[in-house]
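One structure is given below, encoded as structure tokens.
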């Protein structure tokens, strides 16, 4: 395995003092590539030199959207509705405890109409009229699969490349590997839809794990204090805060020279970033200058802070300002029961804004180098969970096949990748594992997934662990 030469050992006292000689502001999230060029050196070993994307917006649909009710049209399920899932299709696959003890696994088709859209002729459910309009802009991957069958491990796997918590998230790997394009905003921002119920979301999903803490994702809140504890306390003005940070920095530099503790670097960088963000965050989060056409495009929900639509608009504004990885979380896709009604609600909340984001980025010339991703942690079963009721049913978790879509940033436009069987249970062509997805994502950003590593506890770790293949067929 080729290893990244960017592993950061503890500096000597002389190195620590030299590093800080140019002032605190210069250390905060400086680009690795920029530093290499400034020093007249070579780019990092993991950099391929061929990035198609500069930034990523990941619209994560937490809970597991039902692929056969949204993207993967399977008329056979409707034709055989009520029949038992054939054993030759299931092939002994393990089930969750929620349906594994059912005496019957009756197939249930989608109650929603499907139609082909665009010149590409891609199939979409009637629940996605706005996404259907951008059919010729996106690649729909219908052959995603994962190893996790429950939410905690599934979401963690999709966000970090491991089912067990503690590994760095995608955004943290990118922050570590590529640095920042804007020293006044975080390199990795997280937006969570307000007041949504569903599987819990915990901060380790956007944590830096064993990478330096400066690569943590920063969660923005939908209120006057977008970032907690950012504003000055009552009675403390900006000049006073600047003097306080300068004196604190001097103390930290003295301690760093004595101890060589690199955690002090992170602490100083975070203080400095926080000071700069006091000016940059209010400007970035202020929608008052957006024209009426913007709200018409994203929908009226975009006027309400914390909605998925408002977060999509926020994502576009952050992308314009150089934020490299923007992660949106929208809960509520875990439809073990009441799927017909629940799915309508979820799509009503997300469909227009998701499509609007792609359209808006394209209109502004940003889609070409912005990778937009839409999807969850796994799919849903083709059989009914619980008592069979075609009018009001649920579907259990299904890791063996699910759908995601991607747009921009070097991805083919108007393309469908992969094929599942007629029952939407198994992949029969061009499977894409989560590690393959991560390897392709990194490739589009100019990173060799096998070479971006970090040494921790005697081992070189990477986002794709010891797996992952580039999915060349979806590249433009």
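Bear in mind these aren't lab numbers, they're just calculated from the coordinates by the rules spelled out. Keep in mind it's a predicted model, so treat the numbers as computed, not measured. Note that each Cβ is placed from the backbone with ideal geometry, even for glycine, and that neighbours are counted across all protein chains shown.
Beta bridges per DSSP, both residues in the chain: antiparallel share near 50 percent. Relative to the first principal axis of the alpha-carbon coordinates of the chain, what is the inclination of helix 339-363, with its axis defined by its Cα atoms, in degrees from 0 to 90 and to the nearest 10? That helix lies at roughly 50 degrees to the long axis.
Note the angle between two axes, namely the Cα long axis of helix 238-259 and the longest principal axis of the Cα atoms of the chain, as a number of degrees from 0 to 90, rounded to the nearest 10. The answer is roughly 80 degrees. Each of 405, 206 has some number of other Cβ atoms within 10 Å of its Cβ, and from fewest to most they run 206, 405. The residues 378, 58, when put in order of fewest to most other Cβ atoms within 10 Å, stand as 58, 378. Any idea how far the Cα center of segment 368-431 sits from the one of segment 255-324, in Å? Going from one Cα centre to the other spans 31 Å. Taking 13 Å as the cut-off, the amide N atoms of segment 123-166 that come nearer than this to a point 7 Å along the Cα-to-beta-carbon line of residue 459 belong to 162-166. Using 0.36 nm per residue of separation minus the Cα-Cα distance, give me the extension gain between residue 345 and residue 429 in nm, one decimal. Going from the current span to full extension adds 27.1 nm.
Averaging the Cα positions of each part gives two centres, and for segment 118-159 and segment 182-206 these lie 21 Å apart. Cβ crowding within 10 Å ranks 286, 69, 448, 396 as 286, 448, 396, 69, fewest other Cβ atoms first.
Rounded to the nearest 0.05, what FRET efficiency is calculated for residue 238 and residue 303 with R0 set to 51 Å and r the Cβ-Cβ distance? The value I calculate is 0.95.
When the helix-only estimate is applied to the chain (DSSP H runs of n ≥ 4, each -39,500 (n - 2.57), divided by the residue count), what is the mean residue ellipticity at 222 nm, nearest 500 deg cm²/dmol?
-9500 deg cm²/dmol
Output the 0 to 90 degree angle, nearest 10, between the alpha-carbon long axis of helix 263-284 and the longest principal axis computed from the alpha carbons of the chain. With rounding to tens, the tilt is 70 degrees.
Taking R0 as 41 Å, what FRET efficiency do you get between residue 203 and residue 362 from their Cβ-Cβ distance, rounded to the nearest 0.05?
Efficiency at R0 = 41 Å is approximately 0.80.
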